[in-house]
Amino acid sequence: MNQRVKQLVADTFQRRPWLGRIAHRVWRRFQARFSAGAVGVVFDPQGNILLLKHVYRPHYQWGLPGGYVGRQEDPAQTVRRELLEETGLQVTVIRPLWVEQGMYADHLDLAYLCRLDGGDVRLSSEILAYAWVPPHRLPQLLDFHERVVHLALQDQEVSAWQ
C-alpha cells in the first residue's frame with residue numbers, strides 16, 4: 001500500500017472513529033472467545049523509545065509496536081513478529097512489564113521490555129511513520145502505553161544499556 005493510500009485510510013479512521021468499532025466487531029466474530037494484544041517498549045542505544053504511527057488508530061495514532069497474539073502464539077513471540085513485520089527491526093524480548101484487562105472485558109493487553117538487535121527499517125502497510133523519541137518528548141499515548149513506558153524507564157537493566 002503506498003503512502004497516499006495509507007494516509008487516506010488513516011484520515012478516514014480519524015474522521016469516522018465508529019468505523020473502527022464496526023471493524024472490531026466483525027474481526028471478533030472470527031477470533032477466539034478471548035483475545036490478547038502484546039506491545040514492546042524498545043530502546044535504542046541512546047535511550048530513545050520506538051514509536052509507530054499506525055494507520056488504524058483514530059485517537060492516538062502514535063504508539064508502541066505490537067499487535068494481536070495469534071492462536072497458540074507466545075505473546076513474546078508476537079512482539080518479535082510484529083516488530084519484524086511492521087518495521088523490519090529485530091529485538092530481544094527481555095521480560096514482561098505489565099498485563100491488564102483491555103478496553104473490552106474479553107481482551108488482555110501485555111507489555112514487554114525489549115532491546116534492539118538491529119535490522120533495516122521498512123514500514124508495513126499498517127504503519128505511516130516511525131520515530132525514536134526521547135522519553136521526555138513522548139506524544140500523548142494510550143494510557144496503557146504510557147504506564148508501560150513509565151515502568152520500562154524505571155527498570156535497572158534499561159539504565160545499564162544507556
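Stretched out fully, how many nm does the piece from Val26 to Ser125 gain, at 0.36 nm a residue minus the Cα gap?
Gain on extension, Val26 to Ser125, equals 33.6 nm.
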Do you know the relative contact order of the chain, to the nearest whole percent, from alpha carbon pairs under 8 angstrom that are 6+ apart?
-> 28 percent
Assuming a viscosity of 0.890 mPa s and a temperature of 25 °C, what translational diffusion coefficient in µm² per second does Stokes-Einstein assign to the stretch 3-161, Rh being the Kirkwood radius over Cα pairs?
-> 152 µm²/s
How about the stretch 1-33: which chymotrypsin sites (Phe, Trp or Tyr not before Pro) there lie in a loop by DSSP and see at most 14 other Cβ atoms within 10 Å?
-> Phe30
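Any idea what the dipole of the stretch 20-162 comes to, in debye rounded to 20, about its Cα centre with Lys/Arg Cβ at +1 and Asp/Glu Cβ at -1?
Numbers: 15 positive and 16 negative charges, 107 e Å.
It works out to roughly 520 debye.
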Normalised per residue, the volume inside the convex hull of the alpha-carbon atoms of the stretch 89-160 in Å³ amounts to 129 Å³
Quick one: Leu52, Leu89, fewest Cβ neighbours within 10 Å first, how do they rank?
-> Leu89, Leu52
DSSP-defined antiparallel bridges as percent of all bridges, the chain, nearest 5 | 70 percent
Within the stretch 80-162, DSSP-loop trypsin sites (Lys or Arg not before Pro) with at most 12 other C-beta atoms within 10 Å are Arg122
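Each reported figure results from applying straightforward, stated rules to the coordinates on display, with no laboratory input. A quick note: this is a predicted structure, and the numbers were derived from the prediction, not measured. Here the Cβ is made from the backbone with ideal geometry for all residues, glycine too, and neighbour counts use every protein chain on show.
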